[in-house]
Amino acid sequence: MKFLDIGEVAAASGVKPSALRYYEEAGLISSVSRHGLRRQFPPEVLLQLKLIAMGKSAGFSLDEIAGMFGRDGRPDLPRDALRRKADEIDRKIRELAALADTLRHVADCSAPSHMECPTFRRLVDVAGSRGGRRRSAARGKAAPG
């Protein structure tokens, strides 16, 4: 089997060598040997790095991502955690879509002052009450309501 040295992995993945060394220290990837001072990785490391990037984009911590790999470095993905994260992303998409609609309304509103616009005031009230519920839920308290 042909191994890839750290420079080849960095070039193929776009991940800096310093990040590769950090990922190795964190147990996310592992080198199999050294050629001189250069770490050697199996070709599968490129798939692992893609999964790490996807996990980071989804909002998983590096510790959570490390737990998604078995001892052999193969993915051992926790389906329930993935479903929960997908649901969280769906909620965030809805919130961002509502925010985008609010911003478009504010930009296009013909009222002389946004404070005179009943739609703007309603949107601000709704957005403010959502944020209050999230903050209260994060503290473990029920939001008033």
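None of the figures in this text is laboratory data; all of them are computed from the coordinates on show. Note that the coordinates shown come from a computational prediction; the quantities given were computed from them, not determined experimentally. For neighbour counting, all protein chains shown are included, and Cβ atoms are generated from backbone atoms with ideal geometry for every residue, glycine included.
Miscellaneous remarks
- Zone residues, the range 45-83, relative to Tyr22, backbone N less than 11 Å from point 7 Å out along Cα-to-Cβ: 62
- Rg followed by Dmax, in Å, when the chain is reduced to its Cα trace: 23.0, 71
- Fluctuation leader among Leu99, Leu82, Leu20 - the chain, Gaussian network, Cα springs under 10 angstrom: Leu99
- Distant-in-sequence amide H partners of Leu4 (H built 1.01 Å from N, under 5 Å): Phe41
- Stokes-Einstein diffusion for the range 79-138 at 10 °C, viscosity 1.306 mPa s, with a Kirkwood radius from C-alpha pairs, works out to 120 µm²/s.
- In order along the range 104-109, the Karplus-derived 3J(HN,Hα) couplings, from 6.51 cos²θ - 1.76 cosθ + 1.60 at θ = phi - 60°, round to 4, 4, 4, 5, 9, 4 Hz, and Gly and Pro are given as x.
- For the range 4-66, fraction of C-alpha pairs farther apart than 13 Å, in %: 59 percent
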